[in-house]
Structures are given as C-alpha cells and as structure tokens.
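First the structure, in the form of structure tokens, and then the observations on it.
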Amino acid sequence: MKKLVFNIMSAAILVWFPAVTNSQEMNIQTKHHFKKEITVMVQINYLLYLPEGYEQNDEKNWPLILFLHGAGERGNDLDLVKKHGPPKIVEQKDLPFIIVSPQCPAEKRWSVRDLDLLLEKIIKDHRVEKNRIYLTGLSMGGYGTWEYATEKPERFAAIAPICGGGSPWQVYRLASMPVWVFHGAKDPVVPIEKSEEMVKALKKVNENVKFTVYPEATHDSWTETYDNPELYEWFLKQKQL
C-alpha cells in the first residue's frame, strides 16, 4: 500500500512540473514605451503690489515677497486676501517689495506647480531682484510655504512659515536657506508641535534658523508677526549668492 501511494504522488509531480514550464513560456514580458503630450490650464487670481518708486525708476530691480493666505481666504473674492499679512499691511503703508498674493480656489490647497508658474510670470513681467525672493504664509499658507520651499529651494532667498507644518524628512533641502518660523504656543488648530518638528529637523542641517513662539497666542500668530517691522528688515538682509 505504501508503495502504491508513492507511485501515485510521483506521477502527480511529473504531471505538475511540465504545466509550470508551459505557463512560464507563455508569460514572457515584452518591452513597451508610452509617451503623450498633454496641456494643463492653470488659472490663479492674485493681488500685485508695486512699491513706491517702482514706476519712477525703470532701471531698479526690487525684492519680492510671495504671500500665501490661510484656508479661510480661499475662493474667488480677492478682497478676502487682504484680511491678513502683507496685502493688509500695504493698504495702510508702503513696503519696499513687490508683493504677490495669490488666492487659492475654494476647497483646494496650494499647488506648487501653479505657484511656480505664477512666480515665473511675475519675474518675466516685472523688475524682480531674482536673488532676493522671499516666501511666507500662514496656517494653510504656512504648510504651503514649507512645501514650496522644500520642492523648489533654489527659488528663494529666505522663508517665514507661520503656524504651519510639513515633512521633516525633506528639510535637508533647506540646508543653506535662512528660515524664520512663527507659532502660537496655545494654537488649537495647528498644534505648535508641527512647527517644532520642522525646526528640530532643520537645525540638524542648518544653523540659520530662528523660531519665535508667542506664549499666549492661539491660532492667530500672524498678526503680531506681520505687524513687526523686524520681519521685513530680516527679509531684506537675506540674499542668494
């Protein structure tokens, strides 16, 4: 009986192996190539501020600030963008920068691709000092600031993200960039830990990092930041080599 069982199993193995071999011969991978050109439509509404003296001196180039608003200012009403930050400040007094303040569409988040195309247009159409371009934003715009800067660090001379966060494992790309981070210690919307983890990772590769914490501030850590002349003075000191 044992011999009979062995013979049956042997026969089954002999039948099975050729089946595998035939299957392998049929499933041969072949090489192919796919290529297709597509056109993408990009539309961005934005506010543009030209500093006092821009029109009078057509030979001078100017530093530029790109400002990214928070989630509450999304939509198609550009007046919303004036609620906070540099576009609010320049309604009251002059700042010595070209200031570009785009508006993110409703229910969307900042797109690095779209922002970069806009910045290219501004650089092409206006007298921008290319080695003095600065990026700043608040809340959702703080996240956008970290993301844009880590994806395109060659674009900016310095960044100032406010109550944002990002991907700490990507900050090595900012090893040579001056960075000033702001956050409220009691922020219930974006916990301060989001900025802390970015700063901690960045300080391992970059000594030129400043971190300002407002001990009593909640989510609004931007009003005090943008009202402070020291931020704009700090920006003006930063220049790409």
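Determine which member of the set LEU68, LEU47 is in contact (Cβ under 8 Å) with a residue 60 or more places away in the chain and within 26 Å of the chain's Cα centre (by Cα). Steps first, please.
On the way: LEU47 fails: in contact (Cβ under 8 Å) with a residue 60 or more places away in the chain.
Of LEU68, LEU47, the one residue that is in contact (Cβ under 8 Å) with a residue 60 or more places away in the chain and within 26 Å of the chain's Cα centre (by Cα) is LEU68.
Any idea which of (1) buried (at least 16 other Cβ atoms within 10 Å of the Cβ); (2) assigned to a helix (DSSP H, G or I); (3) out of contact with any helix residue (DSSP H, G or I) (no Cβ under 8 Å at 6 or more places or on another chain) is the one LEU202 doesn't satisfy?
(3)
So which residues in segment 37-58 are modelled with pLDDT of 90 or more and closer than 12 Å to VAL128 by Cα, if there are any at all?
Listed by number, the residues that qualify are LEU50, PRO51, TYR54.
Being crowded, with 17+ Cβ neighbours inside 10 Å and part of a helix (DSSP H, G or I) is the filter here; which residues of segment 72-81 pass it?
GLU73, VAL81
Out of the residues in segment 189-199 that are of a type in the set (Val, Ile, Thr) and surrounded by 15 or more Cβ atoms within 10 Å (Cβ to Cβ), which is farthest from the chain's Cα centre (by Cα)?
Step by step, filter segment 189-199, then rank; the result is ILE192.
Could you tell me how many of the residues in segment 151-164 are crowded, with 22+ Cβ neighbours inside 10 Å and either of a type in the set (Val, Ile, Thr) or out of contact with any strand residue (DSSP E or B) (no Cβ under 8 Å at 6 or more places or on another chain) (or both)?
Here the count works out to 2.
Do you know which residues across segment 170-188 are crowded, with 22+ Cβ neighbours inside 10 Å and more than 18 Å from ILE133 (Cβ to Cβ)?
VAL171, VAL181, PHE182, HIS183, GLY184
Report, ordered by the first and then the second residue, all pairs with beta carbons closer than 6 Å, sequence separation of six or more or different chains, a first member in segment 71-92 that is more than 15 Å from ASP220 (Cα to Cα), and a second member that is assigned to a helix (DSSP H, G or I) and of a type in the set (A, V, I, L, M, F, W, C).
Correct list of pairs: PRO87/VAL81.
Quick one: which of PRO87, PRO102 is over 16 Å from ALA157 (Cβ atoms) and within 16 Å of the chain's Cα centre (by Cα)? Explain how you work it out, then say what you get.
On the way: PRO87 fails: within 16 Å of the chain's Cα centre (by Cα).
Going through PRO87, PRO102 in turn, the sole match is PRO102.
Suppose the filter is in a helix (DSSP H, G or I) and of a type in the set (S, T, N, Q); does THR212 pass it? First the steps, then the outcome.
Values: in a helix (DSSP H, G or I): no; of a type in the set (S, T, N, Q): yes.
Spelling it out, it is not the case that THR212 is in a helix (DSSP H, G or I) and of a type in the set (S, T, N, Q).
Please go through segment 117-171 and give me each residue that is within 15 Å of VAL100 (Cβ to Cβ) and among the acidic types (Asp, Glu), ordered by number.
GLU120, ASP125, GLU129
The values are calculated or read from the model by the stated rules, or taken from the named source; none is laboratory data. Worth saying up front: this structure is predicted, and the values here are computed from it rather than measured. Every residue, glycine among them, receives a Cβ derived from its backbone with ideal geometry; neighbour counts consider all protein chains shown.
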